[in-house]
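Notes to accompany the following structure.
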Amino acid sequence: MSFTPLWLSDSGDGEPLVFLHPGGTDSRAMTALKNELPEYRQILIDRAGHGHSADTDDPWSFAGMADAVAAVLDQLEIPSAHIVGWSDGAIVGLHLALRRPDLTRTLVFGGAAYHFTGWLDGVLDGDPPQFMSDAYAEVSPDGALHWPIVVDKAAELHRGEPDVSPTQLETLAVPVLIVVGDDDQVRFDHLVQMYDALPDAELAVVPRATHGLIVEKPELLARMIRDLHQTDRTNGVAPIRRN
């Protein structure tokens, strides 16, 4: 996957925190969550073919997207950062952590599957909602007429990706928070398998939340993110899996 210049926003002080947006949207989707975390240096990146970033001529891959994010962090001379990804952004973050663990301090893996078989049946079928097309047309340098190409490339991507294996997850040493709404698009058993495979994982199922958790309950998610970043976390009073 060739790199195209990516739009980014870099603001604030504190520990670097990278926000990776869902597919079909852009970094504006992370605004509510970003606003709950003002104490961080906030880095938002629109992936190729999303938001303010032009598309690439190549097919999309999550590994290629992760490499593009890594290139941005290298360009900014950020040695490592906390990563928060939602939906497709979470998958990009997972590939970043696997490919460049040196850049990844922690990972929030939200509303996503580590393998394409982990989505609930039918959730990726059909056309994207109109608001996504409208939002794309507002800012895309490729123009509104490029939207159908983006939709086709996303559909092709999701037919065979992500395809991370539990064996690969077992090699990931960074702390990972897996978070999902209780009415989200991912199979619970799939995420439990992920939790069991990761060496240092936490799992949260948020009640009365959907795939839109980042806008439904951003303050709760921000609290869990802060907790993940604490260096004095304990294993509780009666650990079973962590001992």
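Derivation of every value follows stated rules applied to the coordinates shown; laboratory data play no part. In this text the structure is predicted, and so the values were computed from the model without any measurement. Quick reminder, even Gly has a Cβ in these numbers, built from the backbone with ideal geometry, and neighbours come from all protein chains shown.
Details
- Exposed trypsin sites (Lys or Arg not before Pro) absent - longest run of the chain, DSSP non-H/G/I/E/B, at most 16 other C-beta within 10 Å: 1-186
- Averaging the Cα positions of each part gives two centres, and for the range 20-93 and the range 140-187 these lie 12 Å apart.
- Cα gyration tensor, the range 9-78 - rounded (a/c under 1.5), prolate or oblate: oblate
- Neighbour-count ranking [beta-carbon atoms within 10 angstrom, fewest first] of 146, 211: 146, 211
- Per-residue 3J(HN,Hα) values for the range 15-32, derived from phi via the Karplus relation 6.51 cos²θ - 1.76 cosθ + 1.60 with θ = phi - 60°, read 5, x, 10, 9, 9, 10, 6, x, x, x, 10, 8, 5, 4, 5, 9, 4, 4 Hz in sequence order (x marks Gly and Pro).
- Cα gyration tensor shape of the range 8-229, rounded if a/c is under 1.5, else prolate or oblate by comparing a/b with b/c: rounded
- 0 to 90° range, to nearest 10: angle between helix 130-139 axis and the chain longest Cα axis: 70 degrees
- Database remark: amide H of residue 53 closer than 5 angstrom to the amide H of 7 (H placed geometrically; neighbours at sequence offset of 5 or more, or on other chains; Pro and chain starts carry no H).
- With contacts taken as Cα pairs under 8 Å and at least 6 residues apart, the chain reaches a relative contact order of 19 percent.
- Oblate is the label for the range 150-238, because a/c, from the alpha-carbon gyration tensor with a ≥ b ≥ c as root eigenvalues, is 1.5 or above and a/b does not exceed b/c.
- Between 80, 185, 155, the Cα set farthest toward the positive side of the dipole of the range 8-229 (charges on each charged residue's Cβ, about the Cα centre) is that of 80.
- The range 164-243, relative contact order in percent, only Cα pairs under 8 angstrom and at least six apart counted: 30 percent
- Helix-derived mean residue ellipticity, 222 nm - over the chain, DSSP H n ≥ 4, -39500 (n - 2.57), to 500: -10000 deg cm²/dmol
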